[in-house]
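Trainee: Right, I'll just put the structure down here and ask away after.
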Amino acid sequence: MLEVTVTESSPACTLLTVTGELAGTGSERLLTRLDRLLDKGHRSLVLDLTGVTFCDSSGISALVRGHARASAAAGRLRLSAASPQVARVLELSGLARMLGLQSTVDLTTS
């Protein structure tokens with residue numbers, strides 16, 4: 001099961017802590033949460049992936065779709081603090097570069 005919690009929010013940036021498996025229904029849960037935040041006007045979203053233990057193709061798809069939706073709303077989706085296993089999946093898929101995977105949580109808007 002995947003949990004997505006807003007752990008910090010300011011006008012400049014919203015931090016979401018993601019824990020569990022980014023797969024199947026968890027991927028849809030993440031995308032739904034991102035949509036709600038974008039609909040409410042949050043434009044810079046950072047995902048703290050420290051607690052994500054697994055990511056499959058549906059998780060990759062959710063991240064790509066989340067990025068596309070944020071971009072369409074003149075926003076940005078960034079990734080941070082992935083475990084080595086999840087970071088490897090993100091690197092192989094090209095998402096680490098596309099979404100600017102940071103090794104630590106960074107809420108700066110640059």
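Trainee: With a Förster radius of 35 Å, plug the Cβ-Cβ distance of residue 1 and residue 91 into 1/(1 + (r/R0)^6) and report the FRET value to the nearest 0.05. Present the calculation step by step, with values, prior to reporting the outcome.
Mentor: Numbers: r = 25 Å, r/R0 = 0.73.
That gives a FRET efficiency of 0.85.
Trainee: Calculate one ³J(HN,Hα) per residue across the stretch 33-49 by plugging θ = phi - 60° into the Karplus curve 6.51 cos²θ - 1.76 cosθ + 1.60, and present them in order as whole Hz with x for glycine and proline.
Mentor: So the J values, rounded to whole Hz, are 5, 4, 4, 4, 5, 5, 4, 8, x, 6, 10, 10, 10, 10, 9, 8, 9.
Trainee: If R0 is 30 Å, what FRET efficiency do you get for residue 40 and residue 106 from their C-beta distance, rounded to 0.05?
Mentor: Efficiency for this residue pair is about 0.85.
Trainee: Of all DSSP beta bridges in the chain, what percent run antiparallel (nearest 5)?
Mentor: Approximately 30 percent, going by the DSSP bridge assignments.
Trainee: Kirkwood Rh over Cα pairs of the chain into Stokes-Einstein at 37 °C, 0.692 mPa s: D in µm²/s?
Mentor: Reported coefficient: 246 µm²/s.
Trainee: Now, a different point. Would you work out the relative contact order for the chain, in percent, from Cα pairs under 8 angstrom that are 6 or more residues apart? Each step should come with its number before you reach the end.
Mentor: Working: 209 pairs, mean separation 29.2, N = 110.
Worked out over the chain, it gives 27 percent.
Trainee: In vacuo Debye scattering of the stretch 67-110, one point per C-alpha: log10 I(q)/I(0) at q = 0.23, 0.25, 0.32 Å⁻¹?
Mentor: The Cα Debye sum returns log10 ratios of -0.81, -0.90, -1.12.
Trainee: If you average the alpha carbon positions of the stretch 84-99 and of the stretch 23-76, how far apart do those two centres end up, in angstrom?
Mentor: Their Cα centres are 15 Å away from one another.
Trainee: Taking amide H positions as placed in the peptide plane 1.01 Å from N, state which residues far from residue 52 in sequence (5 or more) or on other chains have amide H under 5 Å from it.
Mentor: Those lying under 5 Å, H to H, from residue 52 are 20, 83.
No lab work stands behind these numbers, since they all come straight from the coordinates. This is a predicted model, so every value here is computed, not measured. All Cβ positions, glycine included, derive from the backbone under ideal geometry; neighbour counts span all protein chains shown.
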